[in-house]
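Beneath this line is the structure, given in structure tokens, with notes to follow.
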């Protein structure tokens, strides 16, 4: 209903303005009074005769003035039809110009504006963001609501046996810091982020004030992965502690930006992510997700920004990270992919992000999972032929088409 009222008002106002302009144009420029000019010259001729009769001017002078005034009289008489023709307005070309201008304005608004949206004053948006910040679920609630993590390769029998022994050893010696560190790392590798989070939490309790910024940021990362990408208040406290120890810690800055993006503060997310992108290095695990979100974040914040050219394709970053032996990078990339999946399946997103998800899952070796996402993307964009073409191409390249 509101859309109908808006567009009706636009049409009425546009038509009214066009009508006013056309009416003013039809009047044309003020007409020159040719008859008045002719009357002036005739009066001048009569005045010459009167002056000659009173002997004010000589006969020769009178003749000269008559000739000059008569010439002007003839010129003015010939100019009247030309002036009248010039004053006649070209209504049709003007009407066409107005129609083109109106259509152009509507086209630009349709592309750059937000038809159908109500007013969104800054104060209300900030208040909504603050409310979202306060209403975030706790870590336990977020973990309970989180979707199942992305499928991970099943460990071989030998590794599974070692894990059982490690779990038993830590259960027997719960304060063994080395055992807790190994357990947290390997549980995360298996996708058991809740178990990894518990081990890391206890490890930091044992370390106490000696914990580094990386320790706190690493725990926050595991908590976020366990919560399906949600930055809970508990995870935020770990990020705050990490930044108190080291304000330049990149992992804490990245996830702090993610929290602000989640609650509707793209301006603050941009302020954290843009310097991280500039600082690099290009193979840092947070660079690829920042590149994927920074332009949209800047647009949402109303910041004029052009994403710089990538030093390397983000898909290559994912592939390289998937081949690295450092488990923290492998975990982070998987977590970013899981976070993207959670957002797309719950909130939707542009086709480019679905393509990125399909490609990333395939690069990580999760072909079955990538195929399931491909099928869901086809359903989501079933009415958009252009989007389907992009999805089919990505699936074909990833080797997951039926």
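Laid out as a table, the results:
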{"quantity": "Extension gain, residue 167 back to residue 99 (0.36 nm per residue minus Cα-Cα distance, nm)", "calculated": "17.0 nm"}
{"quantity": "Inter-label distance for residue 74 and residue 376, nm, one decimal - labels placed 7 Å from Cα along Cα-to-Cβ", "calculated": "9.3"}
{"quantity": "Per principal axis, descending, Cα span of region 119-200 in whole Å", "calculated": "61, 30, 17"}
{"quantity": "Zero-based 5 Å bins, Cα pair distances in region 128-264, whole percents", "calculated": "2, 11, 18, 20, 20, 15, 9, 4, 2, 0, 0"}
{"quantity": "Calculated FRET efficiency for the pair residue 154/residue 122, C-beta based, R₀ 45 Å, to 0.05", "calculated": "0.35"}
{"quantity": "Contour minus Cα-Cα distance for residue 8 and residue 53 (0.36 nm per residue)", "calculated": "8.7 nm"}
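Each value in this text was obtained by applying a stated rule to the coordinates, not by laboratory testing. Model, not experiment: these values are computed from the prediction. Backbone-built Cβ (ideal geometry, glycine too); neighbour counts: all protein chains shown.
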